[in-house]
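The values are calculated or read from the model by the stated rules, or taken from the named source; none is laboratory data. Bear in mind that the values here come from a model prediction, so they are computed numbers and not experimental data. For neighbour counting, all protein chains shown are included, and Cβ atoms are generated from backbone atoms with ideal geometry for every residue, glycine included. The area values use the complete protein model at the heavy-atom level, side chains included, leaving out ligands, DNA and RNA. Shrake-Rupley method; radii C 1.70, N 1.55, O 1.52, S 1.80 Å.
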Amino acid sequence: MYGAPVDLSFKNIICLADTWKEEPNIGLRPVKKNSDMKYESCSLRLNNNNISELHDLQGTVSHFLAEPSQLTWLDLSFNKISHIDQVLCELHELRVLYLHGNSIYILSEVNRLAVLPHLHSITLHGNVIETHKAYRNRVISALTHLKRMDFSAVTRQERELAKIWHHSNNRSRGSKETLQ
């Protein structure tokens, strides 16, 4: 199941349901199909398209992959995604998620991904959220299993700083609430 990724990049896809009519790009390593004509892969590339909504993601994954529940690597970079959709949280085996070069603008939506127990690598740079002052601290504190963020290692020191930031941020929020 660790074959080459199913590559649907650079297909000018707008709606995920449109992918079902597409043939994946042929890479250096061919992707094997099973008897049901589904790909024996746990990786999917949907990068460099015009995707803005992810509500058909489960259907797309099921359409192409022999074992959709085993999706571990998903590339959605360079699309028009503006929100971290709840459908991403249903990908329980996901380990690597590329979302860089999109239009995500609400930093707190990253918190949704905390339910993914195996997520260890994420890219979010090139989104509006990157301009937030506490961007890296906030992501690292929300996604405690991260080993890599934006293609660079998450250090022990960053993890400690993110914990301190999270703790002080929650404490200041709590004192504001008690004053009101």
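Some points to look at:
- With Rh defined as the Kirkwood radius, the inverse of the mean 1/r over Cα pairs, the Rg/Rh of region 1-64 is 0.94.
- Subtracting the Cα-Cα distance of ALA114 and GLN58 from 0.36 nm times their residue separation leaves 18.3 nm of extension gain.
- Using a probe of 1.4 Å, the accessible surface attributed to SER152 totals some 50 Å² when neighbouring protein chains are kept in position.
- In the context of the full protein assembly, TRP165 retains an accessible surface of approximately 50 Å², using a probe radius of 1.4 Å and ignoring ligands and nucleic acids.
- Translational diffusion coefficient (Stokes-Einstein; Kirkwood radius from C-alpha pairs) of region 26-166 at 10 °C, 1.306 mPa s, in µm²/s: 101
- Only lysine pairs 8 or more places apart or on separate chains count here, and in the chain those with Cα atoms under 22 Å apart total 14.
- Exposure check, 1.4 Å probe, all protein chains in place: VAL154 carries approximately 20 Å² of accessible surface.
- Solvent-accessible area, 1.4 Å probe, carbon plus sulfur percent, for region 1-127: 52
- The chain: most fluctuating residue of PRO30, PRO117, PRO68 per GNM, C-alpha cutoff 10 Å: PRO30
- Multiplying each eigenvalue of the alpha-carbon gyration tensor of region 23-100 by 5 and taking the square root yields semi-axes of 21, 15, 11 Å, largest first, rounded to whole angstroms.
- Entry note, the chain: relative contact order of 15 percent, from Cα contacts under 8 Å with a spacing of 6+ residues.
- The residue among VAL31, SER52, LEU16 whose Cα reaches farthest toward the positive pole of the charge dipole of region 1-74, with charges on the beta-carbon of Lys, Arg, Asp and Glu, is VAL31.
- Helical contribution to [θ] at 222 nm, DSSP H n ≥ 4, -39,500 (n - 2.57), averaged over the chain, rounded to 500: -7000 deg cm²/dmol
- Environment charge at LEU44 (Cβ cut-off 10 Å; Lys +1, Arg +1, Asp -1, Glu -1): -1
- With contacts taken as Cα pairs under 8 Å at a separation of at least 6 residues, region 1-72 carries a relative contact order of 42 percent.
- Distance histogram in 10 Å bins (all Cα pairs of region 119-165, percent per bin): 29, 61, 10
- Accessible surface, region 1-98, averaged per residue in Å² (probe 1.4 Å): 51
- Between the helical axis of 156-179 and the longest alpha-carbon principal axis of the chain there is an angle of about 60 degrees.
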